[in-house]
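S.K.: Handing you a structure now.
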Amino acid sequence: MKDGRASFTAMAVAAARALARDADPTAPSLLPAPLGPALRRWQSLPPWARALRLAPRLASAGLVDHLDLRTAAIDRELRDAVDAGACTLVLLGAGFDGRAYRLECLRDVDVFEVDHPDTSAAKRRRAAGLTARSRSLVHVEVDFDRTSVASALAEHGHDAAHPTVWIWEGVTPYLPADAIAATLEAIADRSAAGSRLLMTYAVPDLVGRSAPVLEAVVRWGFASLGEPLRGAMEPHEARALLARRGFSTLRDTTARQWAGSRRLAFHLARPLRAERLLVGQMR
Ligand SMILES: C[S@@+](CC[C@H](N)C(=O)[O-])C[C@H]1O[C@@H](n2cnc3c(N)ncnc32)[C@H](O)[C@@H]1O
């Protein structure tokens with residue numbers, strides 16, 4: 001990330017969610033002007049203008065459809081975890097995620113949004129006009145490269161005695177292996193039995209070996225935004241990492257599975273298809 005600035009990728013993914021079907025009505029409020037207000041107008045387009053929505057889907061190189069599918073998949077897993085007894089949600093690298101403001105299933109859940117201080121400060125400023133639907137909402141500033149997430153959460157009142165659901169969405173690809181391992185250690189330390197971790201990760205072969213040019217362009221794009229891809233893992237490595245910290249794998253799904261019958265969305269999302277969603281449960 002560039003010093004002193006909110007994460008660009010966090011803004012990009014929130015903008016993509018705003019452009020997607022109905023993925024996130026809160027995103028325009030969480031983004032700066034003129035982008036936020038423009039996206040609000042976009043979301044209020046009349047039904048006859050809906051065909052226009054295909055334009056950003058085609059122009060975003062897969063981002064809009066990928067984020068639409070990923071958001072819906074994680075929302076489903078989150079509801080499942082809450083139904084199974086989680087009473088706390090921790091969003092690690094929360095960015096401009098609007099779940100605390102848009103999901104009714106969080107009404108009896110305490111939410112902690114953990115992020116880098118630069119992104120967290122921007123989020124708090126912009127979210128001032130939104131009302132949280134969660135039972136409570138606490139912002140925790142942490143640099144995963146330098147600070148312990150476990151002690152920061154303890155200081156902010158996180159309850160480690162009851163099950164927590166952790167969302168670590170779109171963050172591990174940007175972290176070095178030791179920061180991923182240290183954060184997992186902290187998650188495990190504060191996870192009562194039954195806690196769930198919803199972690200997205202990227203496999204090293206980003207777009208498929210058949211498209212080396214596309215792969216190079218994708219890597220160059222992230223690096224030039226100051227957020228190079230550093231933390232790719234093979235599925236067996238990701239599962240082993242979780243298993244070493246006491247998490248059994250419940251599901252490890254791909255974009256094809258998130259898409260279900262939405263075949264156009266799956267095909268448009270190709271440049272980001274290497275991302276998977278691993279759901280672990282603390283034994
Ligand atoms: C791609 S964004 C994902 C945001 C959010 N999870 C979402 O899906 O909308 C990556 C997030 O990781 C955070 N991040 C990146 N490096 C970090 C670090 N070293 N410490 C704390 N947060 C970091 C950024 O601030 C940003 O919010």
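S.K.: Among the helices (runs of 4 or more DSSP H) confined wholly to region 27-121, which include 2 or more residues that are within 11 Å of the ligand (Cβ to nearest atom) and under 19 Å from the mean Cα position of the chain (by Cα)?
M.R.: 27-30, 63-83
S.K.: Right, here's the next one. Scan region 144-165 and give yes if some residue there is in contact (Cβ under 8 Å) with a residue 40 or more places away in the chain, away from the ligand (no atom under 12 Å from the Cβ), in a strand (DSSP E or B) and among the aliphatic types (A, V, I, L, M), otherwise no.
M.R.: yes
S.K.: Within region 1-56, can you find the residues that are of a type outside the set (A, V, I, L, M, F, W, C), surrounded by 20 or more Cβ atoms within 10 Å (Cβ to Cβ) and under 22 Å from residue 264 (Cβ atoms)?
M.R.: Of everything in region 1-56, those that are of a type outside the set (A, V, I, L, M, F, W, C), surrounded by 20 or more Cβ atoms within 10 Å (Cβ to Cβ) and under 22 Å from residue 264 (Cβ atoms) turn out to be 17, 24.
S.K.: May I ask you to say which residue of 199, 282 is within 16 Å of the ligand (Cβ to nearest atom), buried (at least 16 other Cβ atoms within 10 Å of the Cβ) and touching a residue at least 40 places away in the same chain (Cβ under 8 Å)?
M.R.: Result of the check over 199, 282: 199.
S.K.: Another question, if that's okay. Can you find even one residue in region 157-170 that is touching a helix residue (DSSP H, G or I) at 6+ places or on another chain (Cβ under 7 Å) and farther than 13 Å from residue 91 by Cβ?
M.R.: no
S.K.: Test residue 140 against the stated conditions and say whether it is assigned to a strand (DSSP E or B) and either out of contact with any Ser or Thr (no Cβ under 6 Å at 6 or more places or on another chain) or within 11 Å of the ligand (Cβ to nearest atom) (or both).
M.R.: Criteria met by residue 140.
No value in this document is a laboratory result; all are computed from the given coordinates. Here the structure is a predicted model, which means the values were calculated and not measured. Here Cβ is always computed from backbone atoms with ideal geometry, including for glycine, and neighbour counts include all displayed protein chains.
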